[in-house]
1. Is it true that some residue in region 275-282 is within 21 Å of residue 204 (Cα to Cα), at pLDDT 95 or above, crowded, with 23+ Cβ neighbours inside 10 Å and in contact with a Pro (Cβ under 7 Å, 6 or more places away or on another chain)?
2. Say we look at region 197-224 and pick out the residues that are assigned to a loop (DSSP other than H, G, I, E, B) and out of contact with any strand residue (DSSP E or B) (no Cβ under 9 Å at 6 or more places or on another chain); which of these is most open to solvent (accessible area, probe 1.4 Å)?
3. Criterion first (touching an Asp or Glu at 6+ places or on another chain (Cβ under 9 Å), touching a residue at least 24 places away in the same chain (Cβ under 8 Å) and in a helix (DSSP H, G or I)) does residue 257 satisfy it?
4. Would it be correct to say that residue 288 is without any contact (Cβ under 8 Å) to a residue 40 or more places away in the chain, in a helix (DSSP H, G or I) and open to solvent by less than 30 Å² (accessible area, probe 1.4 Å)?
5. Does residue 184 fit the bill of being modelled with pLDDT of 90 or more, in contact with a strand residue (DSSP E or B) (Cβ under 8 Å, 6 or more places away or on another chain) and part of a loop (DSSP other than H, G, I, E, B)?
6. Please work out which residue is modelled with the lowest pLDDT, limiting yourself to region 150-169 and to residues that are open to solvent by less than 60 Å² (accessible area, probe 1.4 Å) and acidic (Asp, Glu).
7. Out of region 223-238, which residues are within 19 Å of residue 167 (Cβ to Cβ) and touching a residue at least 12 places away in the same chain (Cβ under 8 Å)?
8. Is it the case that region 43-66 has a residue that's of a type in the set (A, V, I, L, M), at pLDDT 90 or above and at negative phi?
Amino acid sequence: MLTLTNCLFAIVASFQAARSVSGAGAQDHCVTDACIKPVRDHSLMQREAKTTRAELTFLARRARLATALPDQKGQVFIGIKSAPKSEYRSRRDHLRSSGCLKSIKDAGFSYAFVMGVPMSSGHDLTGHDQGGRDTPEERKNEEALLKEIEEHGDILMLSMRDQYADLTDKLIGVFDFGVHHTNAQYIMEVDDDKCVVPSVLKEIIDNHRNSNKKSELWAGAYLFNGKEYESMKGPTGITAPYFSGNGCMLSRNLARTLVEDDRDHTVLSGIYGTTADDANLGKWVKFAQEKHHIEVDFKQNVAMLRNP
């Protein structure tokens, strides 16, 4: 029986052979002097053919994740923010068994649970501890996560420690994946104790497209003006409207602007922001509006989220 990894190996080999053939005929399409007939170096072809098992294993891992992403050309990608501690497993299982995730798939949307590497309370990672090890609790949670990933294939692990202070990095991870690994036109983040209502999302998108064709979309359940609490201001006193972090959706180009065009400003949020990822998102959008003259259509609809 062919394994998924062996199938991927065959696909890669076929692709490389086709690429070699197509490269040989590329000069037929030359229309300028800059177009030079490609010369295939034999040693280079050998190196290209040696696709490692590790690379194929990575492709197989992505293929398993794709079982949760049935159509990466779907209209919406939903990053469900979860956590690696054992008590959050029950939340994920509840979403899997309640019909919530099925409704997302049936709507043609894609999703993944998003989390970072387990971190025990009190584990100090600030020192230069060469040869240091994860705590027994962290290793236990890591082993449990590996089994869950093998069982369900719907978890996206981020290369960061999962702690409250780094929620903003997790949010960046959601948008990064949505922009660079899916073709979704809208990217949503939501907490794992809420269920997205696809019919309401479609209604929001249709309404936006019909009335604000030139603007970007930012939709959420609860909109704050950013001045309700002193803690929202951050060290520089900047405030901005934002949607509550339990769930919001951005148009693809707006998300791309935040994680590509304005990436340095987004990542270095400690200059102007706080540990509140939702309020930081508001500051990112405000920065994008002012820097790139982007028009943003804010749409609030509490019905877009429900309890699972």
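1. We begin by selecting, within region 275-282, every residue within 21 Å of residue 204 (Cα to Cα); these are 278, 281-282.
Filter once more, so that each one left must be at pLDDT 95 or above: 278, 281-282.
Still in the running and crowded, with 23+ Cβ neighbours inside 10 Å: 281-282.
Add one more test, that the residue is in contact with a Pro (Cβ under 7 Å, 6 or more places away or on another chain), and what stays is 282.
Yes: one or more hits.
2. Filtering region 197-224 down to residues assigned to a loop (DSSP other than H, G, I, E, B) leaves 197, 212-215, 221-222.
With out of contact with any strand residue (DSSP E or B) (no Cβ under 9 Å at 6 or more places or on another chain) added as a condition, the list becomes 213-214.
Numbers: 213: 169, 214: 196 Å².
The selected residue is 214.
3. Working: touching an Asp or Glu at 6+ places or on another chain (Cβ under 9 Å): yes; touching a residue at least 24 places away in the same chain (Cβ under 8 Å): yes; in a helix (DSSP H, G or I): yes.
Considered against the rule, which asks whether it is touching an Asp or Glu at 6+ places or on another chain (Cβ under 9 Å), touching a residue at least 24 places away in the same chain (Cβ under 8 Å) and in a helix (DSSP H, G or I), residue 257 comes out as yes.
4. Details: without any contact (Cβ under 8 Å) to a residue 40 or more places away in the chain: yes; in a helix (DSSP H, G or I): yes; open to solvent by less than 30 Å² (accessible area, probe 1.4 Å): yes.
So residue 288 passes the test.
5. Values: modelled with pLDDT of 90 or more: yes; in contact with a strand residue (DSSP E or B) (Cβ under 8 Å, 6 or more places away or on another chain): yes; part of a loop (DSSP other than H, G, I, E, B): yes.
In short, yes.
6. Among those that are open to solvent by less than 60 Å² (accessible area, probe 1.4 Å) and acidic (Asp, Glu), it is 162.
7. Listed by number, the residues that qualify are 224, 226, 231, 232, 234, 235, 238.
8. Of region 43-66, the ones of a type in the set (A, V, I, L, M) are 44-45, 49, 54, 56, 59-60, 63, 65-66.
Within this subset, residues satisfying the condition of being at pLDDT 90 or above are none.
No, every residue in region 43-66 fails to be of a type in the set (A, V, I, L, M), at pLDDT 90 or above and at negative phi.
The values are calculated or read from the model by the stated rules, or taken from the named source; none is laboratory data. Given the structure is predicted, the values throughout are model-derived calculations rather than measurements. For neighbour counting, all protein chains shown are included, and Cβ atoms are generated from backbone atoms with ideal geometry for every residue, glycine included. Surface accessibility is based on the protein's heavy atoms, side chains included, excluding ligands, DNA and RNA. Shrake-Rupley method; radii C 1.70, N 1.55, O 1.52, S 1.80 Å.
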